[in-house]
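What follows draws every value from the coordinates through simple rules; no lab data is involved. Because the structure is a prediction, the values reported are computed rather than measured. Glycine also receives a Cβ, built like all others from the backbone with ideal geometry; neighbour counts cover every protein chain displayed.
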Amino acid sequence: MLATMQKLGVVPSFSRPSVSNDNPYSEALFKTLKYAPAYPFKLFESLDEARQWVLHFVDWYNNCHRHSGIKYVTPAQRHHGDDVTILEQRKRLYDEAKKKHPERWSGKTRNWLHESTVSLNPGNTQPETMMEKVA
């Protein structure tokens, strides 16, 4: 099976139970899906109903859900470049609030500066893969 997958150009995944960093982006999305406010508590009646729910989830995820990893903007805002303006406005707002009421702030304000590169769990190094262990 492995040889056939390699022949077809499919990169095999050697996921292990309780190891969520085999594909961290899909695992992070799956967790968001499971903890979404609209996550269904009952089984779907049909495949069509499941597809409709996923379509609504994807729309919410991209256009409404503000992600902490991209400074509380939506993926759509980030993708279209609207986050630059939004973050500048937030920075101004926080700076003005701190200037008006410094007693409310014990330190710096939140960092609202735009970052051109975003990664999942920055600073974490990926453990060696199963293929590296075998080699």
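Remark: spin-label model distance VAL10-TRP105 equals 5.4 nm, labels positioned 7 Å along the Cα→Cβ axis. Close amide H contacts of VAL73 (hydrogens built in the peptide plane, cut-off under 5 Å, sequence separation of 5 or more or a different chain): HIS67. Label-to-label distance, ASP82 versus LEU43, with points set 7 angstrom from Cα along the beta-carbon direction: 4.0 nm.
In the range 51-124, a dipole from Cβ-located charges (positive for Lys and Arg, negative for Asp and Glu) runs towards its positive end, and of TYR61, GLY81, TRP112 it is TRP112 whose Cα lies farthest in that direction. Once both labels are positioned 7 Å from their Cα atoms along Cα-to-Cβ, the gap between VAL118 and SER68 label points is 1.5 nm.
Put simply, when 94-105, 73-84 are sorted by average Cβ atoms within 10 angstrom per residue, most first, you get 73-84, 94-105.
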